[in-house]
1. Out of everything in the stretch C:1-49 that is among the β-branched types (V, I, T) and facing chain A (nearest Cβ under 8 Å), what residue ends up being nearest to C:F76 (Cα to Cα)?
2. Could you please find all residues in the stretch B:99-113 being part of a helix (DSSP H, G or I) and small (G, A, S)?
3. Which one is surrounded by the fewest Cβ atoms within 10 Å (Cβ to Cβ), of the residues in the stretch C:51-65 that are small (G, A, S) and at the interface with chain A (Cβ under 10 Å from one of its Cβ atoms)?
4. Is it the case that the stretch A:56-76 has a residue that's touching a residue at least 40 places away in the same chain (Cβ under 8 Å), surrounded by fewer than 24 Cβ atoms within 10 Å (Cβ to Cβ) and closer than 23 Å to C:L14 by Cα?
5. Looking at the stretch C:18-38 only, could you name the residues that are buried (at least 20 other Cβ atoms within 10 Å of the Cβ) and either under 8 Å from the mean Cα position of the chain (by Cα) or at positive phi (or both)?
6. Which one of these is closer than 19 Å to A:L65 by Cα and at pLDDT below 90: B:A85, B:A61, B:A56, B:A39?
7. For the stretch A:45-83, enumerate the residues that are outside any helix (DSSP H, G or I) and at the interface with chain B (Cβ under 9 Å from one of its Cβ atoms).
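The values are calculated or read from the model by the stated rules, or taken from the named source; none is laboratory data. Everything numeric in this text was worked out from a predicted model, so none of it was measured. So basically every Cβ, Gly included, is an ideal-geometry build from the backbone, and we count neighbours across all protein chains shown.
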Amino acid sequence: MVDLLIYLAAALTGLALLLALYRFVKGPSTADRVIAFDVLTIIGITAIALLALLEGRGIYLDVALVYALLSFLGVIVIARYLERGL
Amino acid sequence: MESLLAPLGGVLLVAGATFLLLGGLGLVRMPDIFNRIQAGAKATTLGTLLSLAGIACLQPAWAAKLLLIGLFILFTNPLSSHVLARAAHRGGAEKSPLTAVDRLAEDQRGDQA
Amino acid sequence: MNSMSPLILGLSVLLCVTLIGAALVAIRATRLPIAILAAGLVSLIASILFLVLAAPDVAMTEAAIGSGLTTFLFFFVLARVRGAEKDGDELAGDELAGVKHDGVGK
């Protein structure tokens with residue numbers, strides 16, 4: 001039963017990935033794409049953690065840790081650029 | 001105990017993935033950039049934290065590293081969404097016609113007057 | 001050839017679709033910040049696909065350099081260039097409120 005729940009969670013995560021991708025492709029402004037990028041990074045962190053669970057390898061979580069740091073720095077840099085303060 | 005932990009982890013995983021899906025849906029459906037930031041930041045933060053908690057229940061040995069990832073996301077995600085919303089407001093992003101109040105613009109006008 | 005589980009196969013197909021979509025945005029975008037963002041997104045999806053292929057070290061390098069350093073470097077350089085060419089006409093302003101002209105070219 002737990003396997004079924006994990007399958008369901010992976011399917012929902014994939015659907016969320018597609019919805020955020022739609023907003024990234026559609027736009028219309030740069031800020032919309034930045035928030036879509038942020039959401040896609042967060043969904044990617046969840047996908048990496050799910051992948052680690054499915055493969056049973058804890059070392060994959062290090063990549064998720066790197067992304068948890070990088071998404072923050074990336075959005076800060078882009079927001080400063082958009083404010084023309086960089 | 002063991003038999004209780006695994007179903008709890010599965011349920012937490014599905015709940016977290018549901019919140020991620022709701023965040024993506026809000027990103028598509030909301031009318032303007034500020035509403036999209038609202039939906040995208042809050043729902044996905046909760047969804048990721050619930051998913052990480054579910055994985056920690058399924059694999060208790062990874063709990064420390066998962067807690068670290070969760071703490072990073074909990075601290076940095078609201079901050080980055082706030083910085084982005086401020087940048088969008090300063091850049092004069094279009095607001096939805098349904099927007100009733102804009103306290104930040106009122107404050108800025110009050111400072112200048 | 002060892003067989004993949006159907007779940008991981010489906011997840012890979014979804015990731016590949018996302019990768020192609022992001023790459024198309026990177027090619028067709030007419031404004032530079034959007035193209036840089038899309039290139040960062042391609043790196044993100046590529047590093048998850050590296051994880052699917054069981055290469056965590058390559059994925060970590062791609063995360064740190066491809067998705068992190070390159071994106072930041074592009075934005076710093078873009079800000080520098082924009083500051084140097086104040087009167088320039090090639091980098092149209094109004095990126096935030098650019099609702100009138102969509103960034104993805106027709």
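1. So the first thing to find is which residues in the stretch C:1-49 are among the β-branched types (V, I, T), and the list is C:8, C:13, C:17-18, C:20, C:25, C:27, C:30, C:34, C:36, C:42, C:45, C:48.
Checking the rest, the ones that are also facing chain A (nearest Cβ under 8 Å) come to C:8, C:17-18, C:25, C:34, C:45, C:48.
Working: C:I8: 37, C:V17: 30, C:T18: 27, C:V25: 21, C:I34: 14, C:I45: 23, C:I48: 26 Å.
Of everything passing the filter in the stretch C:1-49, C:I34 is nearest to C:F76 (Cα to Cα).
2. The first filter runs over the stretch B:99-113 and keeps only residues part of a helix (DSSP H, G or I), leaving B:103-112.
Result: B:A105, B:G110.
3. Our first condition is that a residue be small (G, A, S); within the stretch C:51-65, this holds for C:54-55, C:59, C:63-64.
From the residues that got through so far, the ones that are at the interface with chain A (Cβ under 10 Å from one of its Cβ atoms) too are C:54, C:59, C:63-64.
Numbers: C:A54: 12, C:A59: 25, C:A63: 28, C:A64: 17.
Only one residue fits best here, namely C:A54.
4. no
5. Within the stretch C:18-38, C:A22, C:I36, C:L37, C:A38 qualify.
6. Numbers: B:A85 fails: closer than 19 Å to A:L65 by Cα; B:A56 fails: at pLDDT below 90; B:A39 fails: closer than 19 Å to A:L65 by Cα.
Going through B:A85, B:A61, B:A56, B:A39 in turn, the sole match is B:A61.
7. Once the filter is applied, which keeps residues that are outside any helix (DSSP H, G or I) and at the interface with chain B (Cβ under 9 Å from one of its Cβ atoms), the stretch A:45-83 yields A:G56, A:E83.
This table checks each residue for (1) out of contact with any Pro (no Cβ under 8 Å at 6 or more places or on another chain); (2) more than 9 Å from chain B (Cβ to nearest Cβ); (3) at pLDDT 90 or above.
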site	(1), (2), (3)
A:L8	yes, no, yes
A:T13	yes, no, yes
A:L18	yes, no, yes
A:Y22	yes, no, yes
A:K26	yes, no, no
A:F37	yes, yes, yes
A:I42	yes, no, yes
